[in-house]
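First the structure, in the form of structure tokens, and then the observations on it.
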Amino acid sequence: PDKNWKLCYGTSPVEVDLDGLLIKGVFGELIQDAKTMKQNDDALNIAIDVKPYERDGERWISIRFTDNGPGVPSENKEKIFEPMFSHRPGLKTSTGLGLYQVRQTILAHSGEISEQGREGEGVCFLIDIPVTYKKKESTDV
């Protein structure tokens, strides 16, 4: 059964040049993981905070995705982005591709993602993406 959950976000619109379908997949995965990992009957709270800023003379956005779930153990903060890694105590193991695909999408947009939350206090994914998408040159031969 679906647990109750609440999504909060800022009210100021920020226009960015991104692939909407891929970015929708990023947030879909983060929200689904938050819903899956919330194992007690408390309401799930998700907050997404978006703030524009400048870096090296270019406009960027900082996205902070937080929840009140169990969080990520410190020893897994980098592993969660590796392909085939799954850590879901007490739950069925997943394919381990979700957060890997999230990172690949953010990297494809010349961005960065990290997990900065504390175990037992929920996740805190920090995503930084340039406002103007710069297509990377293909390295295919």
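The values are calculated or read from the model by the stated rules, or taken from the named source; none is laboratory data. Not measured: the values here are computed from a predicted model. In this analysis, Cβ positions are derived from the backbone assuming ideal geometry, glycine residues included, and neighbour counts consider all displayed protein chains. Surface accessibility is based on the protein's heavy atoms, side chains included, excluding ligands, DNA and RNA. Shrake-Rupley method; radii C 1.70, N 1.55, O 1.52, S 1.80 Å.
Side notes on the structure shown:
- Qualifying residues in the range 100-115 (those that are of a type in the set (S, T, N, Q) and in contact (Cβ under 8 Å) with a residue 12 or more places away in the chain) - the one nearest to LEU30 (Cα to Cα): GLN101
- When residues of the range 78-104 are limited to those that are at pLDDT below 95 and over 18 Å from THR36 (Cα atoms), the one most open to solvent (accessible area, probe 1.4 Å): GLU78
- Residues satisfying the stated conditions in the range 52-63, i.e. surrounded by 13 or more Cβ atoms within 10 Å (Cβ to Cβ) and either polar (S, T, N, Q) or under 24 Å from LEU30 (Cα atoms) (or both): PRO52, TRP60, ILE61, SER62, ILE63
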